[in-house]
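Inspection log for the structure reproduced underneath, given as structure tokens.
The values are calculated or read from the model by the stated rules, or taken from the named source; none is laboratory data. Please read these numbers as outputs of a predicted model, since none were measured by experiment. Note: ideal-geometry Cβ built from the backbone for every residue, glycine included; neighbour counts use all protein chains shown.
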Amino acid sequence: MSKAALIEMFERMVLCKDASLIGHYYHPDFMLLSNGEEQDYATFLAGHRRIYASAVRYAVRYDDDSWVEEPDRVAVRLWITVQRPGEAPTEFEVLAIAQWKDGRIHRLWELTRPDWTQVAAFAHYGDPAALWKA
């Protein structure tokens, strides 16, 4: 897998907020390690379904000089901007390493600044009872 596969995932799934594509891009044994917190596939899926159903908007840009590719993994520095209606956008600097298995993302290690878990736009990411529509 490659840089092109990761960019495609951002364009088709993240920017379009299409949670139905999570199974297409992420392996069933997927694990995320983000800012020291670990998530399995079910947690990742549920959190993204909640956020994608909200009015949040995304933009992504890449540090084109930072890409490092191997046959089964890719690393990149990128910025993800998140904005909810009526709020100023928040830009996250992200250092990410994605590893593929069977054509899907199997492991993802990332550091974000600011820490995405401390930002209001994702306040209900891990709350299954949340009915967040902002």
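Please go through the range 105-129 and give me each residue that is modelled with pLDDT of 65 or more and under 24 Å from GLU8 (Cα atoms), ordered by number. Within the range 105-129, ILE105, HIS106, ARG107, LEU108, TRP109, GLU110, LEU111, THR112, ARG113, TRP116 qualify. Of note, SER66 satisfies the criterion of being more than 20 Å from MET13 (Cβ to Cβ), over 12 Å from the mean Cα position of the chain (by Cα) and of a type in the set (S, T, N, Q). When ASP18, ASP72, ASP40 are checked against the criterion of being over 13 Å from ILE105 (Cα atoms) and surrounded by fewer than 17 Cβ atoms within 10 Å (Cβ to Cβ), ASP18 stands alone in meeting it.
Within the range 48-60, residues that are within 19 Å of TYR26 (Cα to Cα) sit with their Cβ atoms under 9 Å from residues that are acidic (Asp, Glu) and assigned to a loop (DSSP other than H, G, I, E, B), at 6+ positions apart or across chains, in these pairs: ARG50/ASP127; TYR52/ASP18. If you go through the range 1-49 and keep only what is under 13 Å from the mean Cα position of the chain (by Cα), assigned to a helix (DSSP H, G or I), charged (D, E, K, R) and closer than 22 Å to VAL76 by Cβ, you end up with GLU8, GLU11, ARG12. Identify all residues within the range 50-94 that are basic (Lys, Arg) and either in contact with a His (Cβ under 7 Å, 6 or more places away or on another chain) or not in a strand (DSSP E or B) (or both); write none if there are none. Residues satisfying the conditions are ARG50, ARG84. The requirement of being surrounded by fewer than 15 Cβ atoms within 10 Å (Cβ to Cβ) and out of contact with any Cys (no Cβ under 6 Å at 6 or more places or on another chain) is satisfied by ALA88.
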